[in-house]
Amino acid sequence: MVRIALERVRDLFGLAEREALVGHPELSDRYVHLARQVGARYNVRLLPEQRELYCRGCSAYWIEGRTVRTRLRSGRRVRTCLRCGRERRTRIRAPRTLASRATEGAPPGTMREQGAEVALFDTAEESESPEEESEQE
Ligand SMILES: [Zn+2]
């Protein structure tokens, strides 16, 4: 069942990409939504490259410049969903060790909050389980 679910997810992302290219972004969003449902139902994780393709808030299929804006900010890639405004931050460099992170200059004020938020987000992302994903449905 898992193998079939993975194939189904892959097909749905293929369809999402195709519809995005021919100018039917609402269908792409629908396919993303279905792919996530399949993943949640059969307890399979979407591939890391698939998880890059959509918004976790509203399941919008991300098309650069149309449904997502990508900016580089202090060594991180910040992708903002243009549908719901949700941000997704990913490190660009290889994950740093705790030691090297501690020796990095302490950012003042808002930067520190931003850093804390990023850290929380990273943790949440790594600990994301299929159960959590089903709760979002
Ligand atoms: Zn969104």
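Restrict the check to segment 30-43 and report whether at least one residue is within 18 Å of the chain's Cα centre (by Cα), closer than 21 Å to Val78 by Cα and within 14 Å of the ligand (Cβ to nearest atom). Looking for residues that are within 18 Å of the chain's Cα centre (by Cα), closer than 21 Å to Val78 by Cα and within 14 Å of the ligand (Cβ to nearest atom), one finds at least one in segment 30-43, hence yes.
Under the condition of being over 14 Å from Cys81 (Cβ atoms) and either of a type outside the set (Ser, Thr, Tyr) or part of a helix (DSSP H, G or I) (or both), the residues counted in segment 34-66 number 16.
Yes/no matrix, rows are residues, columns are (1) modelled with pLDDT of 95 or more; (2) of a type outside the set (Lys, Arg); (3) surrounded by 14 or more Cβ atoms within 10 Å (Cβ to Cβ); (4) within 16 Å of the ligand (Cβ to nearest atom):
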position	(1), (2), (3), (4)
Glu52	no, yes, no, yes
Arg76	no, no, yes, no
Arg91	no, no, no, no
Thr97	no, yes, no, no
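What are the residue pairs meeting all of these: first residue in segment 76-88, first residue without any contact (Cβ under 8 Å) to a residue 40 or more places away in the chain, second residue hydrophobic (A, V, I, L, M, F, W, C) and more than 9 Å from the ligand (Cβ to nearest atom), Cβ atoms under 9 Å, and 6 or more apart or on different chains? Pairs found: Arg77/Ile92; Val78/Leu72; Glu87/Val78; Glu87/Phe121; Arg88/Val78; Arg88/Phe121.
Within the bounds of segment 40-54, is there any residue that is among the hydrophobic types (A, V, I, L, M, F, W, C) and touching a residue at least 60 places away in the same chain (Cβ under 8 Å)? Explain how you work it out, then say what you get.
Filtering segment 40-54 down to residues among the hydrophobic types (A, V, I, L, M, F, W, C) leaves 40, 44, 46-47, 53.
Then keep just the ones that are touching a residue at least 60 places away in the same chain (Cβ under 8 Å); that gives 40, 44.
Within segment 40-54, one or more residues are among the hydrophobic types (A, V, I, L, M, F, W, C) and touching a residue at least 60 places away in the same chain (Cβ under 8 Å).
The values are calculated or read from the model by the stated rules, or taken from the named source; none is laboratory data. All values derive from a computational prediction rather than experimental measurement. Cβ: placed from backbone, ideal geometry, glycine included. Neighbour counts: every protein chain shown.
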